[in-house]
Protein chains: 2
Amino acid sequence: MGRTLLTPEHHKKRIEKLQNRLYEQDIETFLMFNSKNIFYLTGLSFIPTERPIILILHKGEVSFFVPSLEIDHVRHQVPFVSEVFSYFEYPDETHPMKHFQRILMMEIKASAGKVASEAPGAPGYWGYKGPSLEETTGLKFKLLPDIVMDIRVIKEPEEIELMKESSKWADRAHKYLQEFTEIGANEIDVTIRASTQGSQDMVTELGDDYRPTGFSMFPAIALYRGQIGLNSYFPHALSRGLVFKKGDTLVTGASSDVYGIQSELERTMFMGEPSKRQRELFDAMMAAQDAALDAAGPGVYCSDVDKAARQAFKDKGVIQLVRHHTGHALGMEGHERPFLDLGSEDILAPGMIFSCEPGIYEKGLGGFRHSDTFVVTEDGIEVLTKYPRDLESLIIE
Amino acid sequence: MGRTLLTPEHHKKRIEKLQNRLYEQDIETFLMFNSKNIFYLTGLSFIPTERPIILILHKGEVSFFVPSLEIDHVRHQVPFVSEVFSYFEYPDETHPMKHFQRILMMEIKASAGKVASEAPGAPGYWGYKGPSLEETTGLKFKLLPDIVMDIRVIKEPEEIELMKESSKWADRAHKYLQEFTEIGANEIDVTIRASTQGSQDMVTELGDDYRPTGFSMFPAIALYRGQIGLNSYFPHALSRGLVFKKGDTLVTGASSDVYGIQSELERTMFMGEPSKRQRELFDAMMAAQDAALDAAGPGVYCSDVDKAARQAFKDKGVIQLVRHHTGHALGMEGHERPFLDLGSEDILAPGMIFSCEPGIYEKGLGGFRHSDTFVVTEDGIEVLTKYPRDLESLIIE
């Protein structure tokens, strides 16, 4: 069995890494609001609502500012937390940021010129309104919106193990999706059944090792979201409750949540024997995906991976059917930077994880896109999603 | 069968309403980024990614600025769209906002002093970075972040019908949740099975009338998210794969997605005969919910509804166990403003929809919270979720 979670010690190391980067910039106190960044650093997952939640990193000490409904939840989830400061509720008779002003100045004792934040203030989520940090405290905050994501871009060996595990369960759920797909079935029903079966396998086989993070309702998912038949022409179709018919081109999706890390797997499939044109476009898509995977590796420009896929499409005479770039980084979010895109100036480095998903879309016929998750290694890449890619394996009789 | 969707004509009326409000402020061109606001006005649901999508309302005409992968999707979903402007991809060799600058100035022909936007620029989502609208165009944009939400606060009669339908399927899914809960079962497994069964009922019984919006993966959900036994003490616990034991206090959740409208239903349940203290706290919670529902009605201050619940908790001697306010508005988002909160200055008006969910939490025992969805009518309120609330109905033998 692979890795399914990270320890508090691991989170503490991440905090140390961030703290060191902050010291380099002469920052003593750093404030964070982003729920994924907070989970990444502390292991606390929470439901973001109208109530501000702030992670305070001050001279290496981790504290939180939370509404009363989260006080004990934080203490329970973050064993190394130093202080849990709190306010009762939002909006309440006194605005939460009034309380925060006192805490930051009197308890934390933040110093002018040594404070930074990842945003100007708490995000305006679900009806929250409030003053900026500067308005609240009178201090100037250095804005460091990217400092945590800059760390997250390079996945640690342990995170790569989580992604391997996530890929394994995406493969499994997708197997059920393919198995349950048949002429006359409704895409929603097949999605539900495949995700249910895949999730039940995951919960049963991982047992106590599986700890849902709360970021996704189902441990594993395998789905259709509307890319069925003529509608598969829309790269980002959304499910309309379509019914499978003979001759349909299908584009699927699958993932699973392993301690917040989510892989990406997509397959182009056919309802019955594909036509000549369906085969041609499938082959072109496969050639582009092969070309992109061949081009990828440490030290390579992201733009060159996209160029490789496009060259393959040009060679097949279908470049006019391209509607998007070749891939994106991923980890705790569905898409992350950098992008495998002509306009990217980034370079692939060991520990980066990407989707590889060049696609083509022909009106009146459908869409053709596989997506696989790969990690950049010291001397190449490793594809983590292992689901069969070849056409013959993807025909549903 | 109730209402399950809205027509393009309905969306056009909403746009007209917004346009009239914009004219009152002498605004000719208004730009929107928020995916829920865009769905509310046009019926277009899309997957927000790193690629900016902008809804342009100009002198009553509806246009979009989208990446190439969404061009035909928009034309297909929004029959009354005027122009679909596009760029190829993000980041690409030319930044999307460069294209937007030309389109806004040369094609839309926006006029200085008559332009507004709901945000300073495209949101920094999934790795997107870009200049503000002002940096892009040189124009000063009036910021109107609340103008669409101000319309959404009062639900139309048709939306109230959607919420009734959503409540009905939340009730149904919850019935399965209660049925499947038993000693030794895992919360994740029960959640999956109840949501599957509830969703399958919904898809089967509504047939072609059901059109998923893409905002939620499952049509109906009924779930545990960790509020089980001692853990039910955490109001916003997140699922940990807990197993049901005799004596547990449980707090559940259920909803369904009917054209983007999502009800809220929660119940406190017991694994076996509750103890004296469990009964006392359940009764106190029921008294507070009754008091809040009795207090609510058109013309009433939101704060007075919260006060009524708190008075009931005081009368029962459990005010120290309160951790949050009594409720929040809802509709297309899980929480919306206004809030049933001591600090609110808002007044309940016909067409507003709220959750009513006063809760108490005792360490070492658990949490006690029902949540019901109600609409404010001309002469009172109507509770839309109908699931049994009384203790005897909520004991699992």
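The values are calculated or read from the model by the stated rules, or taken from the named source; none is laboratory data. Just so it is clear, the structure is predicted and the values come from calculations on it, not from any experiment. Counting neighbours? That spans all protein chains shown, and the Cβs are built from the backbone with ideal geometry, glycine included.
Filtering the range A:164-172 for residues that are without any contact (Cβ under 8 Å) to a residue 12 or more places away in the chain and more than 14 Å from every other protein chain (Cβ to nearest Cβ) leaves an empty set.
Tallying residues that are outside any loop (DSSP other than H, G, I, E, B) and either more than 11 Å from chain A (Cβ to nearest Cβ) or farther than 20 Å from residue A:130 by Cα (or both) within the range B:311-332 yields 10. Each residue in the range B:316-343 was checked for being under 18 Å from the mean Cα position of the chain (by Cα) and of a type in the set (Val, Ile, Thr), and 1 of them qualify. Within the range B:333-359, the set of residues being within 11 Å of chain A (Cβ to nearest Cβ) and in contact (Cβ under 8 Å) with a residue 60 or more places away in the chain comprises B:333, B:334, B:336, B:337, B:338, B:359.
Here's the yes/no breakdown for (1) acidic (Asp, Glu); (2) in contact (Cβ under 8 Å) with a residue 40 or more places away in the chain:
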position: A:127; (1), (2): no, yes
position: A:137; (1), (2): no, no
position: A:148; (1), (2): no, yes
position: A:151; (1), (2): no, yes
position: A:161; (1), (2): yes, yes
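Among the residues making up the range A:224-240, a single one is surrounded by 23 or more Cβ atoms within 10 Å (Cβ to Cβ), at the interface with chain B (Cβ under 8 Å from one of its Cβ atoms) and among the aliphatic types (A, V, I, L, M): A:237. The set of residues in the range A:209-226 that are touching an Asp or Glu at 6+ places or on another chain (Cβ under 9 Å) and under 17 Å from residue A:185 (Cβ atoms) comprises A:223, A:224, A:225, A:226. The number of residues in the range A:179-212 that are among the polar types (S, T, N, Q), more than 7 Å from chain B (Cβ to nearest Cβ) and more than 22 Å from the chain's Cα centre (by Cα) comes to 3. Checking the structure you have, find out if any residue of the range A:28-45 is in contact (Cβ under 8 Å) with a residue 60 or more places away in the chain, over 25 Å from residue B:324 (Cβ atoms) and of a type in the set (Gly, Ala, Ser). No; the residues of the range A:28-45 include none that is in contact (Cβ under 8 Å) with a residue 60 or more places away in the chain, over 25 Å from residue B:324 (Cβ atoms) and of a type in the set (Gly, Ala, Ser). In the range B:130-144, the condition of being within 22 Å of the chain's Cα centre (by Cα) and at pLDDT 95 or above is met by at least one residue.
Checking each residue in the range B:135-159 for being away from chain A (no Cβ under 14 Å) and outside any helix (DSSP H, G or I) picks out B:138, B:139, B:140, B:141, B:142, B:154, B:155, B:156. Taking the criterion of being over 20 Å from residue A:333 (Cα atoms) and modelled with pLDDT of 95 or more, the residues of the range B:76-90 that qualify are B:78, B:79, B:80, B:81, B:82, B:83, B:84, B:85, B:86, B:87, B:88.
Condition check ((1) within 12 Å of another protein chain (Cβ to nearest Cβ); (2) under 19 Å from residue B:28 (Cα atoms)) across all residues:
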| residue | (1), (2) |
| --- | --- |
| B:52 | no, no |
| B:58 | no, yes |
| B:62 | no, yes |
| B:67 | yes, no |
| B:71 | yes, no |
| B:74 | yes, no |
| B:81 | no, yes |
| B:92 | yes, no |
| B:95 | yes, no |
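Selection of the range B:30-44 for residues being crowded, with 22+ Cβ neighbours inside 10 Å and not hydrophobic (A, V, I, L, M, F, W, C) yields B:40, B:42, B:43. Restricting attention to the range B:78-116, the residues being touching a helix residue (DSSP H, G or I) at 6+ places or on another chain (Cβ under 8 Å), surrounded by 15 or more Cβ atoms within 10 Å (Cβ to Cβ) and within 25 Å of residue B:8 (Cβ to Cβ) number 7.
Can you find a residue in the range A:277-297 that is of a type in the set (Gly, Ala, Ser), touching a Cys at 6+ places or on another chain (Cβ under 6 Å) and either farther than 23 Å from residue B:199 by Cβ or within 11 Å of chain B (Cβ to nearest Cβ) (or both)? Yes, some residue in the range A:277-297 is of a type in the set (Gly, Ala, Ser), touching a Cys at 6+ places or on another chain (Cβ under 6 Å) and either farther than 23 Å from residue B:199 by Cβ or within 11 Å of chain B (Cβ to nearest Cβ) (or both).
Residues are listed down the side, and each one gets a yes or a no for (1) among the β-branched types (Val, Ile, Thr); (2) within 18 Å of residue B:235 (Cβ to Cβ); (3) surrounded by fewer than 24 Cβ atoms within 10 Å (Cβ to Cβ):
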position: B:322; (1), (2), (3): yes, yes, yes
position: B:326; (1), (2), (3): yes, yes, no
position: B:345; (1), (2), (3): no, no, yes
position: B:351; (1), (2), (3): no, no, yes
position: B:363; (1), (2), (3): no, yes, yes
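No other residue among B:222, B:237, B:288 is in contact (Cβ under 8 Å) with a residue 12 or more places away in the chain and farther than 22 Å from residue A:211 by Cβ apart from B:288.
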